[in-house]
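Note sheet for the following structure.
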Amino acid sequence: MMQAVCVDVPGRPENLLLRSLPRPQPKDGEVLIKVHAAALNRADLLQRRGLYPPPPGESDIMGLEVAGTVATLGPGLRGNWSPDDRVMALLSGGGYAEYVSVPEDLLMPVPSNLTFSQAAAIPETWLTAFQLLLFIAQVKEGEVVLVHAAASGVGTAAIQLVRLLGAVPIVTAGSREKLGMAEALGAAAGFNYKEGSFVQGVHDFTGGRGANVILDCIGGCNWETNVSSLAVDGRWVLYGTMGGRCVEGDLLSRLLSKRGLLLSSLLRSRSLQYKANLVKAFSRRVLPHFSEQPPTLRPVIDSTWRLEDIAEAHRHMEANRNMGKIVINVLPQTEETH
């Protein structure tokens, strides 16, 4: 048996329940991980409310990324995984638990200089940012990339990846503190959306050309400012709708006038083969930079919580107070825990 977080009735954070459930058994090509740490994502909040169910056949337990140790090797493995290997993994669900079974193609080794809490902040967040920038937007060296929600997990990863790709990150956020953190991570400019439109700032920075790429998790309420900020032939990449799902106005004609591309992407619903290719590309191109001395890349941790405090962790994210990732320590860690 194992402890896991369940939701019997979709709704508020207090509906999250810690319960004893059977430990999963690894299927063909899978590895059972003993989870040391998991991390929160916005998708978890939606799933808790009944708005983002897991893909068919996947675990109903929330949690899209974990770090831990190999507990059991399933049959038919091709890799050289061994018991007690330190691993981190991208999941379609099941992370809020003491054990989770994962296809081996979605496993990555934990860099030796990272703790489990730091490693848990990498898979979903960094793979999402990597996918958006490389697979979807195909960012090129020297391009200007506007990143919304700069202090989010994906935002903090995207800033660093844009720099790694030789492009120029500029950002929006809702406080001076968040903008300061983004600039410390490598943002070339930052704009507080609560103090007015960011369009003029983008045009001032780019000499009136606009951003070549926009990473947008906001959606609806931002469409006019996004189109106004977009360069001719720019790519607007939508991966969330925190600011609304509906659009009213002349979006199409405005986008057409810029010859702009509106692209969208989700990661959770992708095929296993797509995710495996993504993990392979990320492991080759990005993962080694976490181990450099000093590290070129680093996961940004906002706070750590115990599994039994998962409801408070959800409230913390819903209040938009976090700067970086919110991590759940499933097993005791050396880091300070709330």
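Please treat every number below as a calculation from the coordinates, not as lab data. All of these numbers come straight from a predicted model, not from anything done at the bench. Please note: Cβ atoms are built from the backbone with ideal geometry, for glycine as well, and neighbour counts cover all protein chains shown.
A simple packing score, the average count of other Cβ atoms within 10 Å per residue, orders the peptides 64-72, 240-248, 94-102 as 94-102, 64-72, 240-248, with the highest score first.
Ranked highest first by average number of other Cβ atoms within 10 Å, how do 123-133, 196-206 line up?
Working: 123-133: 25.9, 196-206: 16.6.
Result, highest mean first: 123-133, 196-206.
Are any of the pairs Lys178/Lys275; Lys140/Lys280; Lys140/Lys194; Lys140/Lys325; Lys27/Lys325; Lys140/Lys258 more than 25 Å apart by Cα-Cα distance, and if so, which? Exceeds cut-off: Lys178/Lys275; Lys140/Lys194; Lys140/Lys325; Lys27/Lys325.
Take the alpha-carbon positions of region 199-338, form their convex hull, and give its projected area averaged over all directions (one quarter of the hull surface) in nm². Before the final figure, lay out each step's value.
Details: hull surface 49.2 nm².
That works out to 12.3 nm².
Can you tell me what percent of all Cα-Cα pairs in region 157-265 are more than 22 Å apart?
Across region 157-265, Cα pairs with separations above 22 Å total 28 percent.
Multiplying the sequence separation of Glu195 and Leu164 by 0.36 nm and subtracting their Cα-Cα distance, what value in nm do you get? Intermediate values should be presented prior to the final figure.
Values: separation 31, 0.36 × 31 = 11.16 nm, distance 2.98 nm.
Answer, rounded to one decimal: 8.2 nm.
Across region 135-140, computed HN-Hα scalar couplings (Karplus, 6.51 cos²θ - 1.76 cosθ + 1.60, θ = phi - 60°) run 6, 9, 7, 6, 4, 10 Hz from first to last residue, x flagging Gly and Pro. What does the charge add up to near Arg270, with Lys and Arg as +1, Asp and Glu as -1, over the other residues with Cβ less than 13 Å from its Cβ? It works out to a net charge of -1. Peptides 184-193, 135-144 ranked from most to least packed, by the mean per-residue count of other Cβ atoms within 10 Å: 184-193, 135-144. Within the shell of other residues whose beta carbon sits under 12 angstrom from the beta carbon of Arg321, the net charge comes to -2, with Lys and Arg scored +1 and Asp and Glu -1.
Near Val100, within a Cβ-to-Cβ distance under 12 Å, what is the net charge of the other residues, with Lys and Arg +1 and Asp and Glu -1?
Net local charge, Val100 excluded: -2.
Rounded to the nearest 10 degrees, the inclination of helix 153-164 to the longest alpha-carbon principal axis of the chain is 70 degrees.
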